[in-house]
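Engineer: This is the structure I want to talk about, given as structure tokens.
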Amino acid sequence: MSQHYKNFLSLLERWPLDKSKVGRDLGQYLRDQLKAVLGSSNIIAVKDDRLNGQFRALENIVNDVHAKKYPRTLSSTATGLSGEQCREVLSTEFLQILQNKQSSKKEE
């Protein structure tokens, strides 16, 4: 089982953390899940084939396998915002500002 832990650990080292999404970052969630699943005493209940499948799926995401196989031809989004603008809008800081504005409107 330690080989699974080493594989996932090396994979997650390549997975970026998004500091703008504190408490909501997928990379941090995956790290926490790794600790919970592979660090628990009931690791015997986890099947090797299931872990291998999950590892391959996450590895495909980290290596951008599908993004390279099916490249985007357009740079537009459904919102009309750029990728960087979308990241800013989804940041924890922006969501807190938006929430504060909504709560101040309710108080009026």
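Engineer: Is there a quick way to get the dipole size of the chain? I mean about its Cα centre, with the Cβ of Lys and Arg at +1 and of Asp and Glu at -1; what is the value in debye to the nearest 20?
Structural biologist: 200 debye
Engineer: Quick one, can you get me the convex hull of the C-alpha atoms of the chain expressed as volume per residue in Å³?
Structural biologist: 152 Å³
Bear in mind that the values in this text are calculations on the coordinates, not laboratory data. What you see is a predicted model, and the numbers here were worked out from it, not measured in a lab. Backbone-built Cβ (ideal geometry, glycine too); neighbour counts: all protein chains shown.
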